[in-house]
Each structure stands twice: as C-alpha cells, then as structure tokens.
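Have a look at the structure below, then the notes.
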Amino acid sequence: MEKLYRKGAIGALTDEYEKALNELKNLLLQIPDNKFEKIYNEKTDIEFQSIRNIVLHIINSGYGYANHIRKRFGNSYVVPKIEIVKTEHGILKLDEMFEYTVETFEDKWQLTYKELMNTIIKTSWTTYDLEAITEHAIVHILRHRLQIEKMIVKHGIL
C-alpha cells in the first residue's frame, strides 16, 4: 500500500510528527501495564518518574504546542484534563492529541515557507516561528522516547 503524504511544508512536518509518535507507540506496545505505571526514579521530577508520567507529559505538551499555534491564529482551543493508567489508554490519548494537532493544521497545509517563517509564536519559554515550534514538538517526542528506551534497559523492563 502506498503511503499518502500530507501537502506542503506543514504536511511534511506533520508526517514526521506522526512518524515519531508511531515509533513511540510501537515501543509502548511492548510495555506491560504494571511496568507502565511503576515508579522507577523518585528523585526526579514527578513527570519523569514512570513511563506513564512521561507519556502524560508528552500528551500535555502536544496539546500545549497545538494550543500555542491555535492562539496565534485566533482559533479556539481546549486544555483537556488527561488521566492514564494503562499502556493502551496512553496510546489512545497520544492518538487523540495527534488528531487535535492535525486539526490545528487543517487550513495551513498550503502556507508558503515565507509564511511559515513569518508566523511568530510566543510561548512562556521562548519565541518560535511556526516551523520551529512544530520541529520542537517532534524532537520533544523523540527525546522522551529515548528516555523511555533508557529506562527499559536500565530497569530490565522488557
């Protein structure tokens, strides 16, 4: 079956976002529920003590990036209260977050490179152009996927 790619620069970034999420979800599918929610490091921030908490952090951040973009374009946004316990539920919530992000880009597939670079988005931690905040969202997933892989190795989770 031939892969269908989204249009434009935003489409390419969204395809890469989806690819990063799929890599994360494939990793998560291997993790039993009892290992998903187990605390492995109580000395770190609560967001990073368990695989579940890392996934929850990824989901909340994904909504945050999409909401910054929505606010910039004057679109409505939501800040969902998300709870996850089981691995499968975390994967479902990752999918919902991604769909929300795709909806965020729905009328932006044809933006030119110049429009991307001139769409400035201010966050509480820095200022991005539209391309950079989307790239940041992708790398955020990759970085935390690697963190989970390291937890798996260090704690013999699989």
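Read-outs: derived from the displayed coordinates by stated rules, not from any lab. Please read these numbers as outputs of a predicted model, since none were measured by experiment. Glycine gets a Cβ as well: all are built from the backbone with ideal geometry, and neighbour counts include every protein chain shown.
Exposure proxy ranking for Lys19, Lys35, based on other Cβ atoms within 10 angstrom of each Cβ and starting from the fewest, stands as Lys19, Lys35. Here is the list for the stretch 97-144: chymotrypsin sites (Phe, Trp or Tyr not before Pro) lying in DSSP coil, each with at most 14 other C-beta atoms within 10 angstrom of its C-beta, are Trp109, Trp125. Counting only the Cα atoms, the stretch 18-128 fills a convex hull of 115 Å³ per residue. Using a cut-off of 28 Å between Cα atoms, the listed pairs Lys19/Lys81; Lys38/Lys122; Lys7/Lys81; Lys3/Lys35; Lys19/Lys114 include Lys38/Lys122; Lys7/Lys81; Lys3/Lys35 as exceeding that distance.
Applying both filters, DSSP loop and at most 12 other Cβ atoms within 10 Å, to the GluC sites (Glu not before Pro) of the stretch 82-158 gives Glu83, Glu106.
Looking at the calculated P(r) for the stretch 69-127, what percent of the C-alpha pair distances fall above 17 Å? The share of Cα pairs beyond 17 Å in the stretch 69-127 comes to 54 percent.
Asn118 sits among other residues whose Cβ lies under 12 Å from its own Cβ, and their net charge, with Lys and Arg +1 and Asp and Glu -1, is -1.
Taking Cα atoms only, the orientation of helix 130-155 departs from the longest principal axis of the chain by about 10 degrees. In order along the stretch 109-117, the phi-based Karplus estimate (6.51 cos²θ - 1.76 cosθ + 1.60, θ = phi - 60°) of 3J(HN,Hα) comes to 4, 9, 4, 6, 4, 4, 5, 4, 6 Hz; Gly and Pro are listed as x.
Once backbone amide H atoms are built at 1.01 Å from N, Tyr40 has Ser50 as its partners under 5 Å, excluding neighbours fewer than 5 places away on the same chain. Take the Cα coordinates of the stretch 37-98, assign each an equal point scatterer, and use the Debye formula without solvent to give log10 I(q)/I(0) at q = 0.12, 0.25, 0.27 Å⁻¹. Normalising to I(0) and taking log10 leaves -0.34, -1.00, -1.08.
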